[in-house]
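*Asks:* Dropping a structure here in structure tokens format, bear with me for questions.
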Amino acid sequence: MIKYFDGQITDILPRNLTQEPAAQAYSAAVREGTRLLYKYTQLCYVYCSIETAPEPIIDLLAKELRTQYYSDAMELEVKRGLVRNTLIWYMTSGTPAAVEELVAIVFGEGEVVEWFEYGGEPYWFKIKTNALMTEDMLSFFSEMIRRVKNTRSHIQAIEIHRTIEQTLYAGGLRGSALQTGRHY
């Protein structure tokens, strides 16, 4: 079996035509042109190499794809996640899933709580996350949410949840100490 990379036109022509020097030259030229085209197409696999591309390439790809929510000041891994999901966000824009995915990429963790899940007014929602929030990040994130959310929906709050793990010690007095009124 002939591989695509090694194939020539003379492989499919009848024998009496492949003996001509012009046919052999034309076949070799087409094979070399095909090899060159194949080589150049290997460089076009940008979208599937987002995980390994350098930061300047990610920045250029974000501009070319018009990646929503993108900022040059973000960390490289956040940039990769935004560029990777650009086309999906264009298809799902305006849905709670798109907002939740944005929260997960920007903050690393979080969820969207719809109005009917917490007893709020219709078309309102909350975002719950455990991310560290600065004032700049809050204004930037609010702008990103405004772009991805449904037009009729409104954000009511961004709730920041913290889990603190620590050891608690408790002590108590025996019954006789309580009766005598002594303090320890």
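*Asks:* Can you pull the one-decimal nm distance between simple spin-label points at His154 and Met133, each 7 Å off the Cα toward Cβ?
*Replies:* Modelled inter-label distance: 1.8 nm.
*Asks:* Principal axis lengths of the chain from Cα atoms, whole Å, largest first?
*Replies:* In descending order, the Cα extents are 119, 45, 30 Å.
*Asks:* Let me ask something additional. What list of ³J(HN,Hα) couplings, whole Hz, do you get for region 128-143 from phi and the Karplus terms 6.51, -1.76, 1.60, once you set θ to phi - 60° and write x for glycine and proline?
*Replies:* Coupling constants for region 128-143: 10, 8, 10, 6, 7, 10, 9, 5, 5, 5, 5, 5, 5, 5, 4, 5 Hz.
*Asks:* So for region 1-111, averaging the separation of alpha carbon pairs under 8 Å that are six or more residues apart and normalising by length, what relative contact order in percent results? All intermediate terms of the calculation are to be shown ahead of the outcome.
*Replies:* Values: 61 pairs, mean separation 17.9, N = 111.
16 percent.
*Asks:* With the cut-off at 31 Å, tell me which of the pairs Lys3/Lys63; Lys79/Lys128; Lys39/Lys149 have Cα atoms farther apart than that. Intermediate values should be presented prior to the final figure.
*Replies:* Numbers: Lys3/Lys63 38 Å; Lys79/Lys128 22 Å; Lys39/Lys149 42 Å.
Checking Cα-Cα distances, Lys3/Lys63; Lys39/Lys149 exceed 31 Å.
*Asks:* Which whole-number percentage describes the relative contact order of region 64-184, with Cα contacts under 8 Å and a sequence gap of 6 or more? Show your work: numbers first, answer last.
*Replies:* On the way: 114 pairs, mean separation 26.2, N = 121.
Relative contact order for region 64-184 comes out at 22 percent.
*Asks:* Counting helices only, and only those DSSP H runs with n ≥ 4, report the 222 nm mean residue ellipticity of the chain as the sum of -39,500 (n - 2.57) divided by its residues, in deg cm²/dmol to the nearest 500.
*Replies:* Working: 9 runs with 89 residues, N = 184.
Value at 222 nm, helices only, nearest 500: -14000 deg cm²/dmol.
*Asks:* Can you compute 3J(HN,Hα) from phi for each residue in region 62-68, using the Karplus curve 6.51 cos²θ - 1.76 cosθ + 1.60 with θ = phi - 60°, rounded to whole Hz and x for Gly and Pro?
*Replies:* 5, 5, 5, 7, 6, 4, 5
*Asks:* Something else about it: Leaving out ligands, DNA and RNA, and with a 1.4 Å probe, what % of the accessible surface on the chain is carbon or sulfur?
*Replies:* Reported share for carbon and sulfur atoms: 57 percent.
*Asks:* Can you tell me how much longer the chain between Arg84 and Ala170 gets when fully stretched, taken as 0.36 nm per residue apart minus their C-alpha distance, in nm with one decimal?
*Replies:* Numbers: separation 86, 0.36 × 86 = 30.96 nm, distance 5.05 nm.
Stretched fully, the Arg84-Ala170 segment lengthens by 25.9 nm.
*Asks:* Still on this structure: Compute the length gained on full extension between Ser142 and Thr18: take 0.36 nm times their separation in residues and subtract their Cα-Cα distance, giving the result in nm to one decimal.
*Replies:* Numbers: separation 124, 0.36 × 124 = 44.64 nm, distance 6.81 nm.
Result: 37.8 nm gained on full extension.
*Asks:* Considering the options Trp89, Tyr70, Ile58, tell which one lies farthest towards the positive end of the dipole of region 1-89, charges being +1 on Lys and Arg and -1 on Asp and Glu at the Cβ, about the Cα centre.
*Replies:* In region 1-89, that residue is Trp89.
*Asks:* Turning to a different aspect of this structure: Using a simple charge model, +1 on the beta-carbon of Lys and Arg, -1 on the beta-carbon of Asp and Glu, nothing else, what dipole does region 48-105 show about its Cα centre, in debye to the nearest 20?
*Replies:* Numbers: 5 positive and 9 negative charges, 39 e Å.
Computed charge dipole of region 48-105: roughly 180 debye.
*Asks:* Could you do me a favour and compute the accessible area per residue for region 1-155, 1.4 Å probe, result in Å²?
*Replies:* Working: 10350 Å² over 155 residues.
For region 1-155, the solvent-accessible area averages 67 Å² per residue.
*Asks:* Could I ask something else about it? Which whole-Hz ³J(HN,Hα) couplings does region 105-112 yield from phi under the Karplus relation 6.51 cos²θ - 1.76 cosθ + 1.60, θ = phi - 60°, glycine and proline marked x?
*Replies:* Along region 105-112, the couplings run 6, 6, 9, x, 7, x, 8, 9 Hz.
*Asks:* If you don't mind, another one. If the chain between Leu76 and Leu60 were fully stretched, how many nm would it gain, using 0.36 nm times the residue separation less the Cα-Cα distance? Write down the numbers at each step before the final one.
*Replies:* On the way: separation 16, 0.36 × 16 = 5.76 nm, distance 1.30 nm.
Extending this stretch completely gives an extra 4.5 nm.
*Asks:* Using Cα-only point scatterers and the Debye equation, what is log10 of I(q)/I(0) for region 13-100 at each q in 0.22 Å⁻¹, rounded to two decimals?
*Replies:* -1.04
*Asks:* Considering only DSSP beta bridges whose two residues both sit in the chain, what percent are antiparallel, to the nearest 5?
*Replies:* Working: 4 of 10 bridges.
Of those bridges, close to 40 percent are antiparallel.
The values are calculated or read from the model by the stated rules, or taken from the named source; none is laboratory data. Just so you know, these numbers come straight off a predicted model, no measurement behind them. Counting neighbours? That spans all protein chains shown, and the Cβs are built from the backbone with ideal geometry, glycine included. Keep in mind that these areas ignore ligands, DNA and RNA; they rest on the heavy atoms of the full protein, side chains included. Shrake-Rupley method; radii C 1.70, N 1.55, O 1.52, S 1.80 Å.
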